[in-house]
Ligand code: AMP
């Protein structure tokens, strides 16, 4: 595996690969790699001649009170994991490489898809994500890009900008990798002490209970929210920030569940904010198979 820290060096290398007609798969990440990231890299390895992964903690998508400076960073460990997962080229630029002028004047502006769900609680977050991904898609001209269903709204945003801005790339959504107790793998899980870690698994369990309720006939978002809240009553150390039902494509909130939808939310355990989601499917209008989940390890 080769590591590049400049756009120019990476672009030169990739131009050579593309001249030889080799296909390129790209996995953008913020590093602190875990089995969730690795599953994306393996999938890219299986489907492309050349696999590129990026590690960039993007300041543009962090709010002023968020964890940009303390976000976990481990470039050496990440390089190891990426190489083992079959990555050929690792791109790990510094902030000055991605934003040489310190700031940028041009940003991707999103409509309602950036303002619902996570966007309500993290203003500007999806615009920051979309902007850096658009830059990265230019730096890494790929045939396929790989994103996790763990961040379902982010995946929907990426699909949307690719369609709206005619970006010539296929977006591949990959299943959420979970710990045996259900907690979705996340770089931020490193913030959890052992007790908080035990508490955290109540959140996915509540979402799974709600998914079962929908399969058993619960058809309203209010009913689903009630199931989640009732489950979490036994966990006072976990504070639910929101949980709602969303359209899987537009991420518009839905009051009725007909066919496939995404149940997504955020919860705090101590100072750590967890996000998670599951696909729910009611029998009414449902023809699409359930979203797959994967076990870690
Ligand atoms: P991040 O480093 O958190 O920005 O994540 C980089 C990519 O990995 C995103 O596409 C995420 O959705 C994906 N990802 C993160 N956690 C998981 C997980 N537990 N399972 C599958 N994909 C994941």
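Structural remarks
- In the set 163, 206, 230, 210, only one residue is surrounded by fewer than 19 Cβ atoms within 10 Å (Cβ to Cβ), assigned to a helix (DSSP H, G or I) and not assigned by TED's automatic domain parsing to the domain that holds residue 73; that residue is 230.
- Qualifying residue in region 138-145 (condition: assigned by TED's automatic domain parsing to the domain that holds residue 6, modelled with pLDDT of 95 or more and within 10 Å of the ligand (Cβ to nearest atom)): yes
- Helices (runs of 4 or more DSSP H) enclosed by region 1-87 - at least 2 residues per element that are more than 9 Å from the ligand (Cβ to nearest atom), over 23 Å from residue 184 (Cβ atoms) and over 14 Å from the mean Cα position of the chain (by Cα): 7-19, 75-84
- In the condition set (1) in a loop (DSSP other than H, G, I, E, B); (2) away from the ligand (no atom under 13 Å from the Cβ); (3) surrounded by 15 or more Cβ atoms within 10 Å (Cβ to Cβ), residue 181 is compliant with all but (3).
- Breaking point among (1) over 14 Å from residue 136 (Cβ atoms); (2) touching a strand residue (DSSP E or B) at 6+ places or on another chain (Cβ under 9 Å); (3) at pLDDT 95 or above; (4) surrounded by fewer than 21 Cβ atoms within 10 Å (Cβ to Cβ), for residue 67: (3)
- Just one of the numbered conditions (1) buried (at least 18 other Cβ atoms within 10 Å of the Cβ); (2) touching a residue at least 60 places away in the same chain (Cβ under 8 Å) is not true of residue 190: (1).
- Among residues that are part of a loop (DSSP other than H, G, I, E, B) and in contact (Cβ under 8 Å) with a residue 12 or more places away in the chain, residue 142 is included.
The values are calculated or read from the model by the stated rules, or taken from the named source; none is laboratory data. This one's a predicted model, so the numbers in the text were calculated from it and none came from an experiment. Reconstructed Cβ throughout: ideal geometry from the backbone, glycine too, with neighbour counts over all protein chains shown.
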